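First comes the structure, then the notes that go with it.
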Amino acid sequence: MHSQPKVSVVILNWNGKHYLEKFLPSVLRSGYQNLEIIVGDNASTDNSVKFLNDNYSSVRIIANKENLGFAGGYNAILSQVESDYFVLLNSDVEVTSGWIEPIIQLMEQDQSIAVTQPKLKDFNNKNCFEYAGAAGGYIDKFGYPFCRGRIFDTLEDDTGQYETSSEIFWASGAALFIRKKCWDETSGFDADFFAHMEEIDLCWRLKNRGYKIMYCPQSVVYHVGGGTLNAESPYKTYLNFRNNLAMLLKNLPSGKVFGVIFIRFWLDFIALLKFMLNGKLKHALAISKAHTAFFKDFSENRKKRQATLLKSNKAGYYNGSIVWAYFVNKKKYFKELDV
């Protein structure tokens, strides 16, 4: 009998054979005893599955028949996994020794913790925090996400400034620990998001149910980042803007939702103009398409609003505009914000 809770590390893969070759060995070296390692394959065409079968017989493979995106892909795979905790891990992440234990210990001590993320650092610059999650996700009052250790494109070096475990607003989907019961309670990701923002939406829905989202610096992982859709992709711009508006409609309290979305439209319009001035017409068009899609799906997303907000957990919420703080007031670092 294992006294430790069962942990399933689930790597979602889509044509990431080169990442599996490079990073899967670090995951397999994890010392946690009651551990299952799963690769969920999103209909790859690069022989990823053959590579795993030939080289890693201990790894369980669950294959989707088509590419269901990040959100739908994980939903389909995790519905076939029985465990106490799921760890959603990107294929482009190198883990360090003892990365699982401190997070499980933290979550076992407090049943109100639904989700925890490790410290995310940059694989290519190991002193530096990584864009996708850094030292935990925050959100501003207009729904713009940022991180401790990363605001827009300004990344901080890790000088030990975020060494205490603390409550945050959202955890990065690159390395996300979640209790299976919390995953089931919220039906996992919103598959309509396809990719981008789905982990923030999930964390927000859990916070609206009274759960905590945590950051645990005793666990460190290194992330390459930009693995599937790079920052220059107009489709990524489209998903980010569309999903962010859908997330606001789903999760903001009734008294705030329309006011915030109205202001967001103007802020998005400024972003659109900025793209046009920089000659990035496809990105400008992507914002316009995102707004059209938001209105098309409006009633659908409105139905997803939770009937009761048990209690709104404000940890990780910045009651200001991160856009204004960063671009106008030139506050580039987390410590300069009044959070």
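Overview of values
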| read-out | value |
| --- | --- |
| Filter result for the condition that a residue is more than 23 Å from Q105 (Cα to Cα) and outside the structural domain of L155 (by TED's automatic domain parsing), over I263, I200 | I263 |
| Those residues of the stretch 200-226 which are part of a helix (DSSP H, G or I) and either in contact (Cβ under 8 Å) with a residue 60 or more places away in the chain or farther than 15 Å from L88 by Cβ (or both), in sequence order | I200, L202, C203, W204, R205, L206, K207, N208 |
| Counted residues, the stretch 22-68 - those being in contact (Cβ under 8 Å) with a residue 40 or more places away in the chain, outside any helix (DSSP H, G or I) and either hydroxyl-bearing (S, T, Y) or more than 14 Å from I11 (Cβ to Cβ) (or both) | 6 |
| F146 being over 14 Å from W204 (Cβ atoms) and aromatic (F, W, Y) | yes |
| Flag if P5 is over 23 Å from the mean Cα position of the chain (by Cα) and surrounded by fewer than 21 Cβ atoms within 10 Å (Cβ to Cβ) | yes |
| Qualifying strands (runs of 3 or more DSSP E) (wholly inside the stretch 69-137; at least 1 residues being among the charged types (D, E, K, R)) | 93-95, 113-122, 125-129 |
| Residue in the stretch 14-24 that is under 14 Å from S58 (Cβ atoms) and loosely packed, with under 15 Cβ neighbours inside 10 Å present | no |
| Among (1) buried (at least 20 other Cβ atoms within 10 Å of the Cβ); (2) closer than 26 Å to N243 by Cβ; (3) in contact with a Gly (Cβ under 7 Å, 6 or more places away or on another chain) - the single one N75 does not satisfy | (1) |
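The values are calculated or read from the model by the stated rules, or taken from the named source; none is laboratory data. Quick caveat: nothing in here was measured; it's all calculated off a predicted structure. Note: ideal-geometry Cβ built from the backbone for every residue, glycine included; neighbour counts use all protein chains shown.
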